[in-house]
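Heads up: the structure comes next, in structure tokens.
Bear in mind these aren't lab numbers, they're just calculated from the coordinates by the rules spelled out. None of these values were measured; they are calculated from a predicted model. Cβ: placed from backbone, ideal geometry, glycine included. Neighbour counts: every protein chain shown.
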Amino acid sequence: MTSYDMRQTKIASKYESIPRMNTDDCLNTLTRIGEKWTGQGVAMELGCWLGASSVALLKGLNKAGYDKPFYAFDRWKANAQQVREGWEFVTSIGQNLLPQYRKNIHPYINKLAHHKGKLPEILETADLSDVRIEMLVLDAPKTEPVYTACIRALHKHWIPGVTILCLLDYNFYQRKEGVERERLLAPVNFMIRNEGCFSSIHQKEGESAAFFRYEKPLKNI
Ligand SMILES: C[S@@+](CC[C@H](N)C(=O)[O-])C[C@H]1O[C@@H](n2cnc3c(N)ncnc32)[C@H](O)[C@@H]1O
């Protein structure tokens, strides 16, 4: 089942008892990437929801001896669709989902740097001055102008030849048509504008997620 199919129905399965929106291939890849942490930078996720993808990455990071804070960003606010569809843990529109996120990831990390609010604005309130990012999971920014604004705010913290970008909605556009498809092409258009700056490390037919290594400074943001 693709992440698209999962989003069209109620949550179909769980990951470590956490409701999830991503496939086995995506979560297993996050764990494998975490296992390869080199110690040069932090791990960060934009769009953590209830923590299934954070936990997948943290499981790998822990094996690699990760000792830095895990940077987590989300508005952690339940929306009308989640309430309507009866998503687990979600009881009312606007419900604060941060306590459930913290509870779900607690067994896997003790240093959590969480920032609750709207992207990209919330990136400005996080003190990232000395931070180098080794692993960046994007599961909230997927359309413009938010996608490019997040890249603009974060790319100066990336390490050439090291930083891994995990774009969990990279191929999501393939399931859509018309204007919606165009909007969801933001991450693909970004890669086209910056051809040669990334190498592909994992993509699988039918999967929404795609994983890239940042190799050299961006040409066109
Ligand atoms: C696809 S879900 C994330 C799923 C999660 N990574 C997982 O594995 O379960 C997207 C998340 O991004 C958050 N989000 C979307 N747009 C946002 C924005 N502009 N600012 C802050 N959070 C946002 C939503 O609140 C939601 O929790």
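Calculated on C-alpha atoms, the gyration radius of the range 61-139 divided by its Kirkwood radius gives an Rg/Rh of 1.01.
With a simple spin-label model that places each label point 7 Å from the Cα along the Cα-to-Cβ direction, the separation between LYS103 and GLU35 comes to 3.1 nm.
Highest mean first, the peptides 45-54, 87-96 sorted by other C-beta atoms within 10 Å per residue fall in the order 45-54, 87-96.
Taking a ≥ b ≥ c as the square roots of the eigenvalues of the alpha carbon gyration tensor, the range 140-221 is oblate, as a/c is not under 1.5 and a/b does not beat b/c. The mean sequence separation of alpha-carbon pairs under 8 Å and at least six residues apart, normalised by the residue count of the range 3-214, gives a relative contact order of 20 percent. Membrane-span-like helices in the chain, defined here as complete DSSP H runs extending at least 20 Å along the helix axis by their C-alpha atoms with mean Kyte-Doolittle hydropathy no lower than 1.0, are absent; this is a sequence and geometry rule, not a statement about a membrane.
In this simple spin-label approximation, SER129 and ILE201 carry label points 7 Å from Cα along the Cα→Cβ vector, and these lie 3.0 nm apart. Over the chain, the ratio between the Cα radius of gyration and 2.2 N^0.38 Å evaluates to 0.95. Here is how the number arises for the chain: DSSP H runs of 4 or more residues each give -39500 (n - 2.57), the sum is divided by the residue count, and the result at 222 nm is -8500 deg cm²/dmol.
Rounded to the nearest 0.05, the FRET efficiency derived from the C-beta distance between LYS116 and ARG193 at R0 = 41 Å is 0.85. Positive end of the dipole of the range 3-214 (Cβ unit charges, origin at the Cα centre): among ALA149, ALA78, LEU119, the Cα lying farthest that way belongs to ALA78.
Ignoring aspartates and glutamates fewer than eight residues from LYS77 along the same chain, the ones with Cα atoms less than 14 angstrom from its Cα are GLU88. When the P(r) is computed for the range 89-174, the part past 23 Å accounts for 34% of the Cα-Cα pairs. Overall, the range 3-214 carries a charge dipole of about 300 debye about its Cα centre when +1 sits on the Cβ of Lys and Arg and -1 on the Cβ of Asp and Glu, all other atoms neutral.
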